[in-house]
Amino acid sequence: MDRAFIKEAETELSNLDPLLGVLIQSQKLAPREHHTDFFAALCSSIISQQVSVAAAAAITTRFQAETEFKPEIIAMLDDEAIKTIGLSRQKVSYLKDLAKHFVDDPNVYNHLD
């Protein structure tokens, strides 16, 4: 969903309902992060699931101190080594599976925007 689409929707909703239009105009559109490294973004999402922001940041920092968010690297890492960074067995499994998909077909996620 791009900004032009959102702006068009805001205009249409504002025209249909003036009160809603006032509310829409009073709000700022949140900046949208644009990721070019889909693998790293997906790894961050996995790490961040069901943990606090502070815990996710700490785990990510420890992870990046040890290695990089690169599929070919993560695919080769020992599961126990990844777990010592603070990830559960299940999250290690998710990261390894994600890495395998990227290694097997590096272009599989090129269509993401």
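The values are calculated or read from the model by the stated rules, or taken from the named source; none is laboratory data. Everything quoted here is computed from the prediction, not taken from an experiment. FYI the Cβ positions are ideal-geometry reconstructions off the backbone, even for glycines, and counts take in every protein chain you see.
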Within the stretch 51-113, helices (runs of 4 or more DSSP H) holding 2 or more residues that are surrounded by 14 or more Cβ atoms within 10 Å (Cβ to Cβ)
53-66, 71-76, 89-104
Take the stretch 73-102 and flag every residue that is over 18 Å from the mean Cα position of the chain (by Cα) and either of a type outside the set (Val, Ile, Thr) or modelled with pLDDT of 95 or more (or both).
73, 75, 76, 77, 78, 79, 80, 81, 83, 86, 88, 89
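Going by the structure shown, is residue 53 more than 23 Å from residue 109 (Cα to Cα), at pLDDT below 95 and within 16 Å of the chain's Cα centre (by Cα)? Show your work before the answer.
Values: more than 23 Å from residue 109 (Cα to Cα): yes; at pLDDT below 95: yes; within 16 Å of the chain's Cα centre (by Cα): yes.
So residue 53 passes the test.
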